[in-house]
């Protein structure tokens, strides 16, 4: 019986990690690695011994290496340095490594020392991989498994949350859909998952909710969809089904997710979210500058008839009782030199209490990367962490002005006095 270790490399400190806030709630990480837990659910019920090591909550020890036969990893770009360390240790110990997730899918040609790459979504390719490579004792090297088509999410198994120590995490996570109908220039989601969002059935989602409930989880639960309302019709039906499920169990889960700002246009959906006990939504505002939004192909954030459109959008969502958190980007083409003052003013007026402000980075595979490469403006690869004060391209605005302005926005947005004003406005 092969011993399989699922290793989730460490993240650097970032907005999503909430590293400095976790100690206040006695937790070590925001949420467990849903991708690896889903992979774990794809193994047959017998024939493999599975363990999980999330390096964000526990160390990857020599005892783990001694026990394991093959290591499975899943990473985002921001985890690449930790992944390199994991691979080095595994290779030194003579252990095979299987790598998957968004980072290897885009950068597998740059990752050394991996025996097998499972690229893209693996619901269809994983059974083929396991059938072939388990017979080889996972000893081949440089083998790539990838499916050209996007899988039906009906194939996605229940995640193996039984492998997780709930006490280490502030939140649990589930996924309803993959893909987004929009095509923002800087975003790689449509390149990874397509522009035709695919969803799980209501029955699947209720089964996943019930699994977490039966295992004893109570509290925050993140639906990790990059755009929860990509299929608005199906999302709305799911919300009403979840509302009934939650009320029957006295609302065990406080839900939150990510969506595009056009959520504000659908009062019925907002009502359904409240009924299903959603408390928070993260939206991609990106910029208060409509010219920059149009340049980066984010026209859904612009209204030619309303210069205050984004402020009104945030207010509309907040008025239903949802906390709005948001992402903002500095360094977009078409940004004027007064963008820094405009962004500080927008965040203040909108009453957004948690704002992720980052510098633009051009990610390989995106339309932005292709455009900047063709223009000779690329400088380096991206780290995958948008809180790095490092530009990997030549911006239109002066670089020194941009970096100074970025630091000024962060200092103002997270000034304790300003935070108090915003929080009082929200609550």
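Quick note: the coordinates plus some simple rules give every number you see, no bench work behind them. Just so it is clear, the structure is predicted and the values come from calculations on it, not from any experiment. Counting neighbours? That spans all protein chains shown, and the Cβs are built from the backbone with ideal geometry, glycine included.
Meeting the requirement of 3 or more residues that are without any contact (Cβ under 8 Å) to a residue 60 or more places away in the chain, out of contact with any helix residue (DSSP H, G or I) (no Cβ under 8 Å at 6 or more places or on another chain) and more than 16 Å from residue 34 (Cα to Cα), the helices (runs of 4 or more DSSP H) wholly within the range 174-253 are 202-214, 232-248. Is at least one residue of the range 336-349 in a loop (DSSP other than H, G, I, E, B) and touching a residue at least 24 places away in the same chain (Cβ under 8 Å)? Within the range 336-349, one or more residues are in a loop (DSSP other than H, G, I, E, B) and touching a residue at least 24 places away in the same chain (Cβ under 8 Å). Taking the criterion of being under 15 Å from the mean Cα position of the chain (by Cα) and surrounded by fewer than 20 Cβ atoms within 10 Å (Cβ to Cβ), the only residue of the range 215-245 that qualifies is 224. The residue list 82, 14 contains one member that is in a loop (DSSP other than H, G, I, E, B) and within 30 Å of residue 255 (Cβ to Cβ), which is 14. For the range 276-295, the candidate set comprises residues that are in contact with a strand residue (DSSP E or B) (Cβ under 7 Å, 6 or more places away or on another chain) and assigned to a loop (DSSP other than H, G, I, E, B); within that set, the residue that is farthest from residue 235 (Cα to Cα) is 287. Give the residue that is nearest to residue 372 (Cα to Cα), with candidates limited to residues of the range 259-279 that are surrounded by fewer than 19 Cβ atoms within 10 Å (Cβ to Cβ) and out of contact with any helix residue (DSSP H, G or I) (no Cβ under 6 Å at 6 or more places or on another chain). Result: 265. Note on the range 159-173: residues that are part of a loop (DSSP other than H, G, I, E, B) and crowded, with 16+ Cβ neighbours inside 10 Å total 5. Residues that are more than 15 Å from residue 77 (Cβ to Cβ) and outside any helix (DSSP H, G or I) within the range 360-375 comprise just one, 375. Among the residues of the range 370-386, write down those that are out of contact with any strand residue (DSSP E or B) (no Cβ under 7 Å at 6 or more places or on another chain), free of Cβ contacts under 8 Å to residues at least 60 places away in the same chain and buried (at least 16 other Cβ atoms within 10 Å of the Cβ). Matches in the range 370-386: 381 only.
Conditions tested, residue by residue: (1) without any contact (Cβ under 8 Å) to a residue 40 or more places away in the chain; (2) buried (at least 16 other Cβ atoms within 10 Å of the Cβ).
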| residue | (1), (2) |
| --- | --- |
| 18 | no, yes |
| 28 | no, yes |
| 32 | no, yes |
| 35 | no, yes |
| 40 | no, yes |
| 43 | no, yes |
| 49 | no, no |
| 61 | yes, no |
| 66 | yes, no |
